[in-house]
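Engineer: The structure under discussion is supplied below as structure tokens; questions concerning it will follow.
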Amino acid sequence: MKKLITSLFICILSGICAYAQDVILMKTAEEFNGRVLEITKSDIKYSKAGTIHTISISDIFSITYENG
């Protein structure tokens with residue numbers, strides 16, 4: 001019973017952590033989930049699965065941060 005409760009708790013906690021991400025919406029309607037790290041005049045850098053990606057600001061429609 002203790003293993004079942006622990007497993008259930010871990011599943012719920014991992015679901016909450018997986019949802020807590022920033023969402024980058026592109027002008028082409030593509031969505032990228034990750035953590036926005038840096039915003040410059042021309043680019044946005046975000047982290048996804050431990051790797052850092054760079055996107056041009058001119059290609060981005062909007063950014064929704066995890067805190068709304």
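The values are calculated or read from the model by the stated rules, or taken from the named source; none is laboratory data. Here the structure is a predicted model, which means the values were calculated and not measured. Ligands, DNA and RNA are excluded from the accessible area calculation, which covers all protein heavy atoms including side chains. Shrake-Rupley method; radii C 1.70, N 1.55, O 1.52, S 1.80 Å.
Engineer: What full-extension length gain, to one decimal in nm, is calculated for Lys27 and Ile55 as 0.36 nm per residue of separation minus the Cα-Cα distance? Spell out each step's value before the answer.
Structural biologist: Details: separation 28, 0.36 × 28 = 10.08 nm, distance 1.18 nm.
Additional length available on full extension: 8.9 nm.
Engineer: For Thr64 and Lys45 in one chain, what is 0.36 nm times their gap in residues minus the Cα-Cα distance, to one decimal in nm? If you can, show how the numbers build up before the last one.
Structural biologist: On the way: separation 19, 0.36 × 19 = 6.84 nm, distance 1.45 nm.
The Thr64-Lys45 span can extend by a further 5.4 nm.
Engineer: Using a 1.4 Å probe on the protein heavy atoms only, what accessible surface does Asp59 show? Give it in Å² to the nearest 10.
Structural biologist: 70 Å²
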